[in-house]
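Here's a structure for you.
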Amino acid sequence: MQVIRGDRSLPAPFDHPHASELARRIAERGTVLRAQVGSGVHGTSISGQDDRDEIGICLEPPEFVTGLARVPSGLSTTATVEFEQYHRHTVWDQPGGLANRSGAGDLDVVIYSARKWCRLASAGNPSVLLLLFVPDEEVVHRDEIGVELVEGAHHFVSRMAADRFLGYLQAQKAAMTGEVGAHTNRPELVAEHGYDTKFAMHALRLGVQGVELLTTGRITLPVPEPDRAYLRSVRRGEVPLAEVVAAVADIEARLEALREHSDVPPEPDRAWIDGWLHRSYERFWAELGR
């Protein structure tokens, strides 16, 4: 696997709890891996409709790990928070700020601390696990530390992911059909198709990818055919709601079966993960001290 030296620069800080200038500098300087993880990498995007979602991992200076150093909670407050991530949507720069909904051409980027990312990934979080399987052409930056992490992807895969994939799938299903307590921020899709087609597509995608992960230990990106074509047809509203509901129920049942009967390990390899974190921070801190 090759090192990819890309542009680690991040959008300017914003008045948001995880978007201070200091948090930006920490995330930018310490990035070891960053890639696209949204519809573009899944192969389910519709031309002219999608923003760009990226996730990354960074290493923090020692005072933020072994000391008490904190970062400002935004730009207009004296409050501080522990550094866990730099979170920035470029659509916030438009009138309306934090209330804006991302659309075509917008960048949504989250750079997690390596420690938080590992906690989420080892618990089977679908969004962060994707970072381990992104093809090279969608990688923004990957240094030697990032290479070791990606090559060790199998250490994070376990049956614990089943519950996380099911939880995300069921949340998308509820929003798709308008169940009590769910909501959609895309009423235009409901008005046109009778259901939120984007939530429907994501529910099915999560099922497809969860089944693959629990069966093979990996996630193929973009989604292989014929599933990719079907997901895109759902996204375009070409599949009746009753058929979509049945397809979601079927993939949900397959995931539930794999929760108990899968060939992947029951738990992640926490010893390897701890070792990677230890080696990576020591290496990064040594480089900072030169």
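For a Förster distance of 25 Å, can you work out the FRET efficiency between the beta-carbons of T66 and V147, rounded to the nearest 0.05?
0.50
Could I have the simple spin-label model distance between R218 and A12, label points 7 Å from Cα toward Cβ, reported in nm to one decimal?
Taking the two extended label points, one gets 4.3 nm.
Could you order the peptides 250-262, 204-216, 141-153 from most to least packed, using the average number of other C-beta atoms within 10 Å per residue?
Ranking the peptides 250-262, 204-216, 141-153 by packing returns 204-216, 141-153, 250-262.
Given a Förster distance of 51 Å, report the FRET efficiency between W272 and L75 from their Cβ-Cβ distance, rounded to the nearest 0.05.
About 0.85, to the nearest 0.05.
Here is a follow-up. Counting only protein heavy atoms and a 1.4 Å probe, tell me what percentage of the chain's accessible area is made up of carbon and sulfur.
On the chain, the fraction of accessible area on carbon and sulfur atoms equals 51 percent.
Tally Lys/Arg at +1 and Asp/Glu at -1 over every other residue whose Cβ is under 12 Å from the Cβ of G38; what's the total?
Every neighbour counted, the sum reads -4.
For the chain, what is the calculated [θ] at 222 nm in deg cm²/dmol (nearest 500), taking -39500 (n - 2.57) for each run of four or more DSSP H residues and dividing by its residue count?
Dividing the helical sum by the residues of the chain leaves -13500 deg cm²/dmol.
Pick the calculated volume of the Cα convex hull per residue in Å³ for this structure from (1) 185; (2) 143; (3) 118?
Given (1) 185; (2) 143; (3) 118, the calculated one carries the label (2).
The values are calculated or read from the model by the stated rules, or taken from the named source; none is laboratory data. Just so it is clear, the model here is predicted, and its values are computed rather than measured. As a convention, Cβ positions derive from the backbone with ideal geometry for all residues, glycine included, and neighbour counts pool all protein chains shown. Surface accessibility is based on the protein's heavy atoms, side chains included, excluding ligands, DNA and RNA. Shrake-Rupley method; radii C 1.70, N 1.55, O 1.52, S 1.80 Å.
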